[in-house]
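All of the numbers you see were taken from the coordinates with simple rules; none came from a lab. Note that this is a predicted model, so its numbers are computed, not measured. FYI the Cβ positions are ideal-geometry reconstructions off the backbone, even for glycines, and counts take in every protein chain you see.
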Amino acid sequence: MSGERKRVLLLVALGLAGTVAVVLLIGQAAHYAELLKQLRSATPGWLVLCAAGETLAYGGFVISYQAMAAVSGGPRLRAPIVVRVVALSFGAFSVATAAGGLSVDFWALREAGEPAGRASARVIALETLRWAVLALATCAAGIVVLLGVGHHVTWIVPVAWLVVTALCFAGGLAVSAARRRDRFTMTSGGRLRRALGIAVAALVYIRQLISGPRDLRLRAVGGAALFWAGELLSAWAALRAFGVHVALAPLLVGYTTGYVATGLPLPVGGAGGVDAALTGGFVLAGAPLGSALLGAVAFRVFSFWIPALGALLSVATMRGLRERLREVAEARREGLSARVSEPPAAGSPPPG
């Protein structure tokens, strides 16, 4: 067994231990006898829908990734390549690094010929777009909750989402505006200055996506929306498996609030911490503590653990994937050389 695979297996074991610890701690508050009762009365059929939701989310991520990679002259990756990259991003390699699947996405773009700065900006742009779609949907759900529809959620949570989302959008639009972006995207300066430049470049990519070809925009935004629809379906089905029905608006507010923990660079894919955060989010949405805990664990089995364990099988195919990505890079170089050496069209002015 390779050293990398041993390392991943060790981290998976540590992640499982973290999840078990969270279950034991929260389970004590929820009363173990009640948890066992809910487990015995669970309806496993709902877990099929849980798996279907994650499959839908996976497909949406592939579509959005492929579109964002191609924005503004980026690499045009064929669907089979993106499927393999996303499989690694969702799986064991996200366990093996604190940066999670983002490091896999960066690696893939670099192998496909993108310079490091642009690859970083594209990865950040993809994540920013995904979270922007989720934040807007959560704000809409927050307004519905504030109007008194569905389970009552503490008013401060939806209000916080409305305020923070508005500030983030306003700040992003301000720093990426055409008259300001150049001063932020300069590559000179210290580490923080360069990091800010990459972040602003990511926002510029999103602007170029929105104003670019309609097909590319629909695939990027639609793929992100499909991802969250699949995730939400999976979360809803996980709760239904333990007899809890939660209305869509409070579920979306609670899910997003708990899911924020997955955006942190936590080790071992956030195992334990994310389970606890999602449990809290489901309780916020109206689920009893015991059902929220079991639903969160079931959701994580399909959204994290099955992809993580399945991606271990992909380690052996890394060399083949690298070769396919390098073929993309070589084709891009050849295409660029052809365009540079192409003679000017008849009637065009000579170079000055």
**Q.** Label-point separation, residue 180 to residue 154 (7 Å along Cα→Cβ), nm
**A.** 3.3
(Q) Can you sort 275, 182 from fewest to most other Cβ atoms within 10 Å of each residue's own Cβ? (A) 182, 275
Q: Would you please put 204-215, 50-61, 228-239 in order of how densely packed they are, using the mean number of other Cβ atoms within 10 angstrom per residue and starting with the highest?
A: 228-239, 50-61, 204-215
Q | Cα shape, the range 17-130, gyration tensor, a/c 1.5 rule | A | prolate
Q) When 318, 68 are ordered from fewest to most other Cβ atoms inside 10 Å of their Cβ, what list results? A) 318, 68
Q: Determine the dipole magnitude for the range 50-174: charges of +1 sit on the beta-carbon of Lys and Arg, -1 on that of Asp and Glu, nothing else is charged, the reference point is the Cα centre, and the result goes in debye to the nearest 20.
A: 260
Q. Using alpha-carbon pairs under 8 Å, 6+ residues apart, how would you state the relative contact order of the range 122-203 in percent?
A. 29
**Q.** the range 159-173 - phi-based ³J(HN,Hα) in whole Hz, Karplus 6.51/-1.76/1.60, Gly and Pro as x
**A.** 5, 4, 4, 5, 5, 5, 5, 4, 5, 5, 5, 5, x, x, 5
Q: Quote the FRET efficiency, to the nearest 0.05, computed for residue 32 versus residue 245 with a Förster distance R0 of 30 Å and r equal to the Cβ-Cβ distance.
A: 0.80
